[in-house]
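Read-outs: derived from the displayed coordinates by stated rules, not from any lab. Everything numeric in this text was worked out from a predicted model, so none of it was measured. Here the Cβ is made from the backbone with ideal geometry for all residues, glycine too, and neighbour counts use every protein chain on show.
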Amino acid sequence: MLDSGMINKIQKAKEYASEPERIHFSRLEVDFDGKNGNHHVGFDDGSWHCDCDYFRHHHTCSHTMAMERVLGVMAPAEAEAAAVA
């Protein structure tokens, strides 16, 4: 049985989840299963990073752009600026 404190926490969590603009990433790391292999994608110190060859030369790639789309409004501000450029 849930106590009133837990019920309040669940309600607050639902409220927070409906307002993703409250969430600000400072660091994020994921393993990305690409079509041609697996890649390590991350966001740290205000920038996206990926270990794929394309990213090394262009500072963006399909993996980082996919992360921006998945994160939507929660994407770090640097990522949103790069997507517009």
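Annotations
- Ranked by how many other beta carbons lie within 10 Å on average, peptides 19-32, 47-60, 1-14 from highest: 47-60, 19-32, 1-14
- Charge dipole of the chain (Cα centre as origin; +1 on each Lys and Arg Cβ, -1 on each Asp and Glu Cβ, all else neutral): 240 debye, rounded to the nearest 20.
- For the stretch 4-19, backbone phi angles converted through the Karplus equation (6.51, -1.76, 1.60; θ = phi - 60°) give residue-by-residue couplings of 5, x, 5, 4, 5, 5, 5, 5, 5, 4, 4, 4, 4, 5, 7, 10 Hz, Gly and Pro being listed as x.
- Angle between the chain longest axis and helix 62-71 axis [Cα atoms, degrees, rounded to 10]: 20 degrees
- Using all pairs of distinct alpha-carbon atoms, the Kirkwood hydrodynamic radius of the stretch 25-84 works out to 11.4 angstrom.
- Close amide-amide hydrogen proximity is noted between Gly34 and His39, each under 5 Å apart and 5 or more residues distant or on a separate chain (H modeled in the peptide plane; Pro and chain starts excluded).
- Relative contact order (%) - criterion: Cα under 8 Å, at least six apart; region: the stretch 25-84: 25 percent
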